[in-house]
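*Asks:* Take a look at the following structure, please.
The values are calculated or read from the model by the stated rules, or taken from the named source; none is laboratory data. A quick note: this is a predicted structure, and the numbers were derived from the prediction, not measured. Glycine gets a Cβ as well: all are built from the backbone with ideal geometry, and neighbour counts include every protein chain shown.
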Amino acid sequence: MKFSERIIAMQQSPIRKLVPYADKAKERGKKVYHLNIGQPDIETPKEFIEAIKDFDEKVIAYAHSQGIEELIHAFIEYYKKHDIYFENDEIIVTNGGSEALIFSLIATCDYNDEVLIPEPFYTNYNGFSNMTGVNVVPITTKAEQGFHLPEKNEITKLINNKTKAILLANPGNPTGTVYTKEEIHMLKDIALEYNLFIIADEVYKEFVFDEQEFMSFAHLDEIADRVIITDSISKRYSACGARIGSIASKNKDLMKQVMKLAQGRLCVATIEQVGAANLINTPDSYIEEVKEEYWKRRDIVYNALQKMDGVICEKPHGAFYVIAKLPVDNAEDFVVWLLEEFEINNETVMLAPAEGFYATEGLGRDEVRISYCINANDLEKAMNILNEALKVYPGRV
Ligand SMILES: Cc1ncc(COP(=O)(O)O)c(C=O)c1O
């Protein structure tokens, strides 16, 4: 039997494809510190579970396709706190930020249309593009420049009549880059000049460190008709398994089109929506404390990397990831070696090879993404293991 070209073109997740090596290491009794995946260890606010415990319906019925009223209201209130004003018909609840991204691509691009994405990017953008028949055109960014955007003309020369949107995560995964106001305005100008949508994936907006300021595309009135904000409670409230996200736009016609997609998949899980709606009652101190914690961890990872001979990495200012260039010939081989051959006191570390975060062939081959979702103590140990491993790795260059 023949499978579709779309499914064959899809890559395996670079974050998960080496998991069998980790499983084997664990079977052999090794402890593996997982720095390869963005699953936070932070507790979900109790407000989520409390609301679910109070759920008292006799039937778990379909919810409205748009989302339950309480949750739409909660998202509206949440955005107000960020000086962003969405109306009721400008938000749809989705199955995580993932579905919001898929809906955005379907609503803005035809088959074989193109979407510009700064690379390295969240690898599932590749999968979402394959699913929807959209071609990714990478805007290459570099470790040495903190993965900031190139000059405007470097971006506009990638645009043609197939280009329909610019998609970007701010702060970035896997880079941790927080785009400056100037960069946001540059993309606004491009979107206006070339009539493009901006799909702004802002799921990490709470986690911005140092003197950096996060600027949402939703703050730009001039392009309100072409900005789509995709969002999620997964990272903000450490609720990845709840699968609750949202798609929002001031373009009401666009949202009417997206409603057709929402109706097609009937609804998002009813009970999780009930839990998510109550997250609006989480004290602001929760987010502050979580942010402080990630900031502390970012410092541990960044400071350790700075001290490692031959490692290059610019300080990331947001999310909970960092990309590091390693003095190795091939980062994937290095990660496999870490799992199969290396240990300190029967412990090792797992990283995500960064090549799969790039669309351009060959880029990122000597880079890894490190996620700092584990506690500070373990993180210190994991960074020590990495340091010692690099000293003795046979493929070191
Ligand atoms: C940049 C970015 N966008 C979207 C998502 C999807 O998250 P979810 O579907 O859990 O909301 C992730 C998950 O890691 C991410 O890193």
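*Asks:* I'd like to verify a number: residues in the range 161-179 that are in contact with a strand residue (DSSP E or B) (Cβ under 6 Å, 6 or more places away or on another chain) and within 19 Å of Ala324 (Cβ to Cβ), how many? First the steps, then the outcome.
*Replies:* First, pick out the residues of the range 161-179 that are in contact with a strand residue (DSSP E or B) (Cβ under 6 Å, 6 or more places away or on another chain): 162-163, 165-169, 171, 173-176, 178.
Next cut, within 19 Å of Ala324 (Cβ to Cβ) only: 169, 171, 173-176, 178.
Residues that pass the stated criteria total 7.
*Asks:* Glu202 versus (1) acidic (Asp, Glu); (2) touching a helix residue (DSSP H, G or I) at 6+ places or on another chain (Cβ under 8 Å); (3) surrounded by fewer than 20 Cβ atoms within 10 Å (Cβ to Cβ): which is the lone unmet condition?
*Replies:* For Glu202, the exception is condition (3).
*Asks:* Continuing with the same structure: Are any residues in the range 198-230 touching a Leu at 6+ places or on another chain (Cβ under 8 Å) and in contact (Cβ under 8 Å) with a residue 60 or more places away in the chain, and if so, which ones?
*Replies:* Those that are touching a Leu at 6+ places or on another chain (Cβ under 8 Å) and in contact (Cβ under 8 Å) with a residue 60 or more places away in the chain: Ile199, Asp201, Ile228, Thr230.
*Asks:* Now for a separate question. Could you give every pair whose Cβ atoms fall below 6 Å, whose first residue belongs to the range 231-257 and is within 8 Å of the ligand (Cβ to nearest atom), and whose second residue is outside any helix (DSSP H, G or I) and among the aromatic types (Phe, Trp, Tyr), counting only separations of at least 6 or pairs across chains?
*Replies:* Going by the 6 Å Cβ cut-off, the qualifying pairs are Lys235/Tyr204.
*Asks:* Looking only at the range 142-157, which residues are more than 16 Å from the ligand (Cβ to nearest atom), in a loop (DSSP other than H, G, I, E, B) and in contact (Cβ under 8 Å) with a residue 12 or more places away in the chain? Explain how you work it out, then say what you get.
*Replies:* Step one: filter the range 142-157 for residues more than 16 Å from the ligand (Cβ to nearest atom), giving 142-146, 148-157.
Okay, now just the ones that are also in a loop (DSSP other than H, G, I, E, B), so 142, 146, 148-151, 157.
Residues satisfying the conditions are Gly146, His148, Leu149.
*Asks:* So, in the range 96-123, exactly how many residues are within 13 Å of the ligand (Cβ to nearest atom) and either surrounded by fewer than 18 Cβ atoms within 10 Å (Cβ to Cβ) or not assigned by TED's automatic domain parsing to the domain that holds Ile190 (or both)?
*Replies:* 0
*Asks:* Keeping to the range 13-71, report how many residues are within 30 Å of Tyr358 (Cβ to Cβ) and either touching a strand residue (DSSP E or B) at 6+ places or on another chain (Cβ under 7 Å) or not in a helix (DSSP H, G or I) (or both). Let's see the steps before the verdict.
*Replies:* Kept after step one, since they are within 30 Å of Tyr358 (Cβ to Cβ), are these residues of the range 13-71: 13-26, 30, 32-42.
If we keep only those that are either touching a strand residue (DSSP E or B) at 6+ places or on another chain (Cβ under 7 Å) or not in a helix (DSSP H, G or I) (or both) as well, we get 13-18, 22, 25-26, 30, 32-42.
Residues meeting the conditions: 21.
*Asks:* I'm checking my understanding of the structure. Among residues of the range 158-201 that are hydroxyl-bearing (Ser, Thr, Tyr) and not in a strand (DSSP E or B), which one is farthest from the chain's Cα centre (by Cα)? So that I can check it myself, show each step before the final result.
*Replies:* Quick first cut of the range 158-201, residues hydroxyl-bearing (Ser, Thr, Tyr) only: 163, 175, 177, 179-180, 194.
With the extra rule that they be not in a strand (DSSP E or B), the set shrinks to 175, 177, 179-180, 194.
Working: Thr175: 10, Thr177: 11, Tyr179: 14, Thr180: 18, Tyr194: 26 Å.
Only one residue tops the list, namely Tyr194.
*Asks:* For the range 336-390, give me each residue that is of a type outside the set (Gly, Ala, Ser) and free of Cβ contacts under 8 Å to residues at least 40 places away in the same chain. Don't jump to the end; show me each part of the working.
*Replies:* Step one: list which residues in the range 336-390 are of a type outside the set (Gly, Ala, Ser), which gives 336-351, 353, 355, 357-358, 360-361, 363, 365-370, 372-375, 377-381, 383-388, 390.
Scanning the range 336-390 gives Glu341, Asn345, Glu361, Arg365, Asn377.
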